[in-house]
Each structure stands twice: as structure tokens, then as C-alpha cells.
1. With only alpha-carbon atoms counted, please give the Rg and Dmax of the stretch 22-134, in Å.
2. Give, as a single signed number, the net charge of other residues whose beta carbon lies under 13 Å from the beta carbon of Thr45, with Lys and Arg counted +1 and Asp and Glu -1.
3. May I ask you to sort Asp129, Asp111 by Cβ crowding, counting other Cβ atoms within 10 Å and putting the fewest first?
4. If the cut-off is 17 Å between C-alpha atoms, which aspartates and glutamates fall inside it for Lys120, apart from same-chain ones fewer than 8 positions away?
5. Please arrange Asp66, Asp38 by how many other C-beta atoms lie within 10 Å of their C-beta, fewest to most.
6. How charged is the neighbourhood of Glu61? Take every other residue with its Cβ under 14 Å from the Cβ of Glu61, and add Lys/Arg as +1 and Asp/Glu as -1.
Amino acid sequence: MIKCLLCFVVLLLISVAGFGQELKCKTFKTGTFIIPGDSIVSRSTLKRSKTSQTERISAKEFTNLDIKWLDDCNYVLTLSTPTPEHTLSEVEKLIEKDGGLRIGMLRTAADTLFFRATAKINGTEHSRDGYQMKVSKDY
């Protein structure tokens, strides 16, 4: 009986050690990333430093954002000042009004970061999961 229990504990420890994932958030704090896009979100390229991020959707369409790191795996994006209000969509104005876009890193796999973006709009939280692929070294 004790031998059986010991085997179970050993197998449990092996499975936890083998399949447990270490979130490597620091690897994704800076660099150049691609968000592939889908039917809702356009493909974009991100250039992120420790304090700011530029999101480029096309040669003419980009957004400059400030980053406030809450910890190694969570941050808040707000519009860089000055951002002309006439260039913002109504949704961007509402997100900015309620404190920005919160990004939580969920997991990492090689050069890919899986995240959840959460925005509060008119008092209601809206979340969307996505992923970014790192395409450059830190800058």
C-alpha cells in the first residue's frame, strides 16, 4: 500500500514538473512583435520598449502608446500625449476614458506570447484573447 502511494506521488511530481509551464514574461517586455489579425482585429506590427509601444497597422496608420508595467506579466496601455482626439475612434476614446487597455500575459511558447486584453467601456469589462509573435531581439 505504501509502495503504491509512493509511486503515485512520484508520478504526480513528474507530471507537474514535466508539464508545468514557466511564464517567461521578461522575454516579451521589449522588441518587435506581429499580431497576425483575424476577422475582428487587423494584422499589426508592435515595437515595444520598456515605456512605450508603437502599433502599426499600415504605412499611414499607427498608434503611439505609453506602457505602465504593473508587474513582469501585466501592463496597461494608454494613448501617448499628445494624441489628437480627431484621430481616435469612439471605442478608443471610451477605452482611454476608463483607464486604458490592460494586457495580461497568459502563457508563452517559444517566440509566441498568448495574452488577454481587457478594456472597461462605460463600466463594463470587455476581454479578448490573442497572441503576439516576437520577430526581433530586444531594442
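Each reported figure results from applying straightforward, stated rules to the coordinates on display, with no laboratory input. Model, not experiment: these values are computed from the prediction. Glycine also receives a Cβ, built like all others from the backbone with ideal geometry; neighbour counts cover every protein chain displayed.
1. Over the stretch 22-134's Cα set, Rg and Dmax evaluate to 13.6, 43 Å.
2. On the way: positive: Arg43, Lys47, Arg48, Arg56, Lys134; negative: Glu55, Glu61.
Cβ neighbours under 13 Å give a net charge of +3.
3. Numbers: Asp129 10, Asp111 14.
Ordered from fewest to most neighbouring Cβ atoms within 10 Å, Asp129, Asp111 come out as Asp129, Asp111.
4. Here the aspartates and glutamates satisfying the reach criterion relative to Lys120 are Glu90, Glu92, Glu96, Asp98, Asp129.
5. Details: Asp66 16, Asp38 9.
Going from least to most buried by this count: Asp38, Asp66.
6. Numbers: positive: Arg43, Arg56, Lys60; negative: Glu55, Glu92.
So the environment of Glu61 carries a net charge of +1.
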